[in-house]
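A quick write-up on the structure given underneath.
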Amino acid sequence: QVQLVESGGGLVQPGGSLRLSCAASGSFFSIQDMGWYRHTPGKQRELVATITSGGITNYADSVKGRFTISRDNAKNTVYLQMNSLEPEDTAVYYCNADARRFYYTKPAAYWGQGTQVTVSS
């Protein structure tokens with residue numbers, strides 16, 4: 001199995017910054033795309049940012065220019081640097097990874113347990 005463990009959430013004032021980390025561990029052949037999603041009560045889970053194993057990134061329009069996704073393939077870890085945070089960014093942030101358990105299997109999606117980010121004065 002593949003386990004994803006997130007860290008770095010917390011309470012921050014508007015305009016502040018936070019850095020989320022997500023480390024993948026367990027038994028797998030390779031990890032392809034990794035990303036961050038967020039969920040607010042009453043809304044659907046939404047994509048925040050994704051990054052391929054080659055470093056190609058994609059962002060939601062609402063976070064472009066403020067958030068930066070990166071990854072360390074040697075550590076199987078993905079990061080989300082969040083700057084200029086706004087109250088609207090308050091949500092539970094989930095890490096996602098598409099991983100192959102074996103070389104002959106298709107990638108499957110795995111999720112972390114979520115980390116709370118609260119932006120409030």
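Quick notes on this one:
- Of every Cα-Cα pair in the chain, the percent that sits beyond 24 Å: 23
- Taking amide H as placed 1.01 Å from N in the peptide plane, Gly16 has its amide H under 5 Å from the amide H of Leu85, each at least 5 places away in sequence or on another chain.
- Computed on segment 1-85, with alpha-carbon pairs under 8 angstrom and 6+ residues apart, the relative contact order is 32 percent.
- Relative to the 2.2 N^0.38 Å rule of thumb, segment 69-121 has a C-alpha radius of gyration ratio of 1.47.
- Alpha-carbon centroid distance for the pair segment 104-121 / segment 7-51, whole angstrom: 5
- In Å, descending, principal axis extents of the Cα set of segment 43-85: 33, 23, 15
- Placing +1 on the Cβ of every Lys and Arg and -1 on the Cβ of every Asp and Glu, with no other charges, gives the chain a dipole of roughly 300 debye about its Cα centre.
Every read-out reported here was derived from the displayed coordinates using simple, explicitly stated rules and does not represent laboratory data. Values in this document were obtained by computation on a predicted structure and should not be read as measured data. Because the Cβ atoms are built from the backbone with ideal geometry, glycine has one as well, and the counts that use them run over all protein chains shown.
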